[in-house]
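Enquirer: Okay, handing you the structure first.
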Amino acid sequence: MRFCSSCGQPVAKMIPKGDERERFVCLGCATIHYVNPKIVVGALCVHEDRILLCRRAIEPRVGFWTLPAGFMELGETAEEGAVREAMEEANAKIAIDGLLAIYSIKRIDQVQIFYHARLLDPAVSPGVESQAVMLVGFDAIPWDELAFPSVEWALRRAIELRQQARAG
């Protein structure tokens, strides 16, 4: 950040009075600009024991498989964001069943929230951010072609929960 979004004057990194962290502070109007982690929302969408995966058409990790997910927007809940992302990336209509996992990833300043969801209609197709979409069985997940560690973590968590449910 170089300039204040309130008045346009330059900002400098400093520790504001009463704070303990460096922040961007406007040298003109003294507005403190807080930079916070980004929130990513997504869903593990299941239909008849198969999972929806999307092959990325955008960077980072073009061509790798992911769960439908993306940055949460202002004015939406995390659940609404996950539903929107499934529609944007796979033209998928889903219903959220519950929370699957939350990952705080400090090195990239993100909090990623994954939900477990039901795919309401198996007729899916690539959205603008996907090269392809597929429904794949839990035993056919392309582990070596997953886009991000958090996608692997969410898939492994879903498998763990699935095994626990089957064990009774």
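Enquirer: Output the residues belonging to the stretch 11-34 that are touching a residue at least 24 places away in the same chain (Cβ under 8 Å) and not in a strand (DSSP E or B).
Expert: Once the filter is applied, which keeps residues that are touching a residue at least 24 places away in the same chain (Cβ under 8 Å) and not in a strand (DSSP E or B), the stretch 11-34 yields Gly28, Cys29, Thr31.
Enquirer: State whether the residues of the stretch 53-68 include one that is touching a residue at least 60 places away in the same chain (Cβ under 8 Å), in the same structural domain as Gln110 (by TED's automatic domain parsing), touching a strand residue (DSSP E or B) at 6+ places or on another chain (Cβ under 6 Å) and more than 21 Å from Val128 (Cα to Cα).
Expert: No, the stretch 53-68 contains no residue that is touching a residue at least 60 places away in the same chain (Cβ under 8 Å), in the same structural domain as Gln110 (by TED's automatic domain parsing), touching a strand residue (DSSP E or B) at 6+ places or on another chain (Cβ under 6 Å) and more than 21 Å from Val128 (Cα to Cα).
Enquirer: Is there a residue being touching a Lys or Arg at 6+ places or on another chain (Cβ under 6 Å) and surrounded by 13 or more Cβ atoms within 10 Å (Cβ to Cβ) anywhere in the stretch 141-158?
Expert: Within the stretch 141-158, one or more residues are touching a Lys or Arg at 6+ places or on another chain (Cβ under 6 Å) and surrounded by 13 or more Cβ atoms within 10 Å (Cβ to Cβ).
Enquirer: A follow-up question, please. Could you give every pair whose Cβ atoms fall below 9 Å, whose first residue belongs to the stretch 154-168 and is in the same structural domain as Leu67 (by TED's automatic domain parsing), and whose second residue is part of a helix (DSSP H, G or I) and surrounded by fewer than 14 Cβ atoms within 10 Å (Cβ to Cβ), counting only separations of at least 6 or pairs across chains?
Expert: Pairs that qualify, where the first residue is in the same structural domain as Leu67 (by TED's automatic domain parsing) and the partner is part of a helix (DSSP H, G or I) and surrounded by fewer than 14 Cβ atoms within 10 Å (Cβ to Cβ), are Leu155/Trp143.
Enquirer: Okay, moving on. How about the stretch 78-149: which strands (runs of 3 or more DSSP E) wholly inside it have at least 3 residues that are over 22 Å from Asp49 (Cβ atoms)?
Expert: Filter on the stretch 78-149 gives 94-105, 110-119.
Enquirer: Evaluate the following for Gln163: is it exposed (fewer than 14 other Cβ atoms within 10 Å of the Cβ) and either polar (S, T, N, Q) or in a loop (DSSP other than H, G, I, E, B) (or both)?
Expert: Judged against the criteria, Gln163 is a match.
Enquirer: While we're looking at this one, here's another question. Residues of the stretch 35-56 being charged (D, E, K, R) and either assigned to a loop (DSSP other than H, G, I, E, B) or closer than 18 Å to Ile141 by Cα (or both), which ones?
Expert: Listed by number, the residues that qualify are Glu48, Asp49, Arg50, Arg55, Arg56.
Enquirer: Scan the stretch 80-100 residue by residue and report those that are within 20 Å of Lys38 (Cβ to Cβ) and surrounded by fewer than 18 Cβ atoms within 10 Å (Cβ to Cβ).
Expert: Matches in the stretch 80-100: Glu80, Arg84, Glu88, Leu99.
Enquirer: Let me ask something else about it. When you look at Glu152, is it touching an Asp or Glu at 6+ places or on another chain (Cβ under 9 Å) and in a helix (DSSP H, G or I), yes or no?
Expert: no
Enquirer: Under the condition of being under 12 Å from the mean Cα position of the chain (by Cα) and part of a strand (DSSP E or B), which residue from the stretch 57-77 is surrounded by the most Cβ atoms within 10 Å (Cβ to Cβ)?
Expert: Going through the qualifying residues, I end up with Ala69.
Enquirer: Right, next: Checking Thr31 against (1) of a type in the set (S, T, N, Q); (2) buried (at least 21 other Cβ atoms within 10 Å of the Cβ); (3) farther than 18 Å from Ile105 by Cβ, only one condition comes out false. Which one?
Expert: (2)
Yes or no, residue by residue, for (1) under 18 Å from the mean Cα position of the chain (by Cα); (2) among the small types (Gly, Ala, Ser):
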residue: Tyr115; (1), (2): yes, no
residue: Arg118; (1), (2): yes, no
residue: Leu135; (1), (2): no, no
residue: Asp144; (1), (2): no, no
residue: Ser150; (1), (2): yes, yes
residue: Arg157; (1), (2): yes, no
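The values are calculated or read from the model by the stated rules, or taken from the named source; none is laboratory data. Owing to the predicted nature of the structure, the values given are computational and were not obtained by experimental measurement. Neighbour counts are summed over all protein chains in view; Cβ atoms, including those assigned to glycine, are modelled from backbone coordinates with ideal geometry.
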